[in-house]
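Colleague: This is the structure, below, for whatever I ask next.
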Amino acid sequence: LGLHNCGFWRPKSLLDMAGFTLSFNSHHRKTHQDSRALWKHEAVQKYLETLSKEYQQVSHLLNADSINDLEQRTLRKRWTDLSPIAAAFQEIKEAEREVEELEAMCRDLDSRDEKQLLELALEEKETLDKKINVMCRKLFQLLVPKGKYDGSHVILEVTAGRTTGGDICQQFTKEMFEMYQNYADYKCWTFDIVNYTPAEIGGLHHAAAHISGDDVYRHLKYEGGTHRVQRIPETGLSSRMQRIHTGTMSVIVLPQPEEVEVKVDPKDLRIDTFRAKGAGGQHVNKTDSAVRIVHLPTGLVVECQQERSQLLNKEIALRTLRAKLYQQVLEKQLSQEQSSRKLQLGTRAQSERIRTYNFTQDRVTDHRISYDARNIKEILSGKEALDKLINRLLEFAEIEAVTEYLENLQALEGGGS
């Protein structure tokens with residue numbers, strides 16, 4: 001079509017993410033902590049100018065009479081991909097020009113009579129700055145393709161870690177599970193408890209839930225890993241001595257695409273029934289309604305005790321087992337993708353922690369992006385504060401993806417020159 005020789009035509013997706021791994025700890029780019037900072041980078045401006053020129057050329061070619069149907073379809077698809085990016089790019093450029101004009105105006109407004117006008121100009125500039133920040137974030141969201149499983153439902157598991165003395169791990173695991181339950185409610189998702197194994201003193205050993213809704217995996221995929229808690233226990237000798245205990249719990253997030261089809265041979269299953277241990281009314285500990293399924297070839301074990309009916313529990317357990325078996329397929333495809341069960345679970349060692357909840361300092365720290373949030377109660381309530389933290393992670397991931405792509409692009413161009 002003549003575009004390739006001009007250096008504009010890239011028939012692939014805008015960012016080829018097939019081999020991209022979000023490695024928070026390996027190379028934290030402190031110079032690009034937000035979308036606005038990355039927008040100002042010379043390489044980003046050059047790349048966006050290239051896409052904008054390509055959009056203009058594709059638009060011109062679409063109006064030509066000489067192209068055939070196949071070329072028309074190919075160009076139309078590319079035009080559809082580039083159109084919102086080119087529009088956002090021009091919109092941000094226009095907003096920045098307005099900011100420059102306001103800044104020039106502010107430099108000239110220094111007399112007392114013009115004080116009110118100056119305040120209005122500064123207020124408008126602040127509004128434009130906020131608008132540009134939002135537009136930059138949206139632009140990079142357009143550049144980064146949606147992950148293959150971002151729209152999927154998930155199975156979320158929480159498991160208490162180990163600590164020397166006290167029951168803070170089990171208590172913290174319960175608080176975390178309730179946090180995700182509240183977050184699901186905040187996002188208008190459906191939260192169905194699959195398994196719930198309480199601890200003796202009011203905490204939680206292990207629990208699992210099926211969460212369905214819009215873009216569930218996209219929002220929860222970076223929650224998987226080891227979470228550390230530091231607090232003074234509310235009861236016992238440590239509470240009287242005001243001694244801080246440290247414990248951990250792990251979160252696993254498994255995507256569950258709707259099209260999952262995993263065949264399970266009944267001969268490969270051992271199905272046991274037992275009495276439910278969790279909250280569930282009068283039937284608890286009176287009927288063997290809970291179901292445990294062991295997949296003999298892999299050793300995978302799933303349990304379900306949420307329903308009164310043994311048949312329903314078996315059905316839910318089988319669905320969970322299929323999701324876990326499918327996860328093994330995903331791991332081969334995604335290699336070290338963050339959704340990998342092995343990567344998320346690790347050894348549950350504190351050195352592998354992704355986040356620390358320090359109750360004595362009322363601070364939550366996400367170690368992957370060096371981000372601190374105050375007010376632990378707000379985070380654990382599973383509402384706006386948690387959503388803000390999760391969106392900060394998503395923004396960082398987008399910035400990492402764009403930065404890595406541009407670095408690879410520059411390396412290729414350098415090698416070819």
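Colleague: Name the residue, out of Ile132, Ile155, Ile92, that is open to solvent by less than 40 Å² (accessible area, probe 1.4 Å), more than 20 Å from the chain's Cα centre (by Cα) and touching a residue at least 60 places away in the same chain (Cβ under 8 Å).
Modeller: Values: Ile155 fails: more than 20 Å from the chain's Cα centre (by Cα); Ile92 fails: touching a residue at least 60 places away in the same chain (Cβ under 8 Å).
Unique residue meeting the criteria: Ile132.
Colleague: Mind checking whether some residue in segment 261-275 is closer than 23 Å to Thr360 by Cα, open to solvent by 40 Å² or more (accessible area, probe 1.4 Å) and modelled with pLDDT under 90?
Modeller: So far as segment 261-275 goes, no, none of its residues is closer than 23 Å to Thr360 by Cα, open to solvent by 40 Å² or more (accessible area, probe 1.4 Å) and modelled with pLDDT under 90.
Here is a yes/no grid of residues against (1) modelled with pLDDT of 90 or more; (2) closer than 21 Å to Gly247 by Cβ; (3) among the small types (Gly, Ala, Ser); (4) in the same structural domain as Gly161 (by the TED database):
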site: Leu345; (1), (2), (3), (4): no, yes, no, no
site: Val364; (1), (2), (3), (4): yes, yes, no, yes
site: Ala385; (1), (2), (3), (4): yes, no, yes, yes
site: Ile390; (1), (2), (3), (4): yes, no, no, yes
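Colleague: Okay, moving on. Determine which member of the set Gln141, Gln171 is in a helix (DSSP H, G or I), closer than 28 Å to Ala317 by Cβ, touching a residue at least 12 places away in the same chain (Cβ under 8 Å) and open to solvent by 20 Å² or more (accessible area, probe 1.4 Å).
Modeller: So the residue among Gln141, Gln171 that is in a helix (DSSP H, G or I), closer than 28 Å to Ala317 by Cβ, touching a residue at least 12 places away in the same chain (Cβ under 8 Å) and open to solvent by 20 Å² or more (accessible area, probe 1.4 Å) is Gln171.
Colleague: Could you list, in sequence order, all residues of segment 218-233 that are open to solvent by 10 Å² or more (accessible area, probe 1.4 Å) and touching a Phe, Trp or Tyr at 6+ places or on another chain (Cβ under 6 Å)?
Modeller: Arg231
Colleague: What are the residues in segment 317-339 that are crowded, with 21+ Cβ neighbours inside 10 Å and at pLDDT 85 or above, if any?
Modeller: Selection gives Ala317, Leu321.
The values are calculated or read from the model by the stated rules, or taken from the named source; none is laboratory data. All figures in this text were calculated on a predicted structure; none of them were measured in a lab. All Cβ positions, glycine included, derive from the backbone under ideal geometry; neighbour counts span all protein chains shown. In case anyone asks, the SASA skips ligands and DNA or RNA and just uses the protein heavy atoms, side chains included. Shrake-Rupley method; radii C 1.70, N 1.55, O 1.52, S 1.80 Å.
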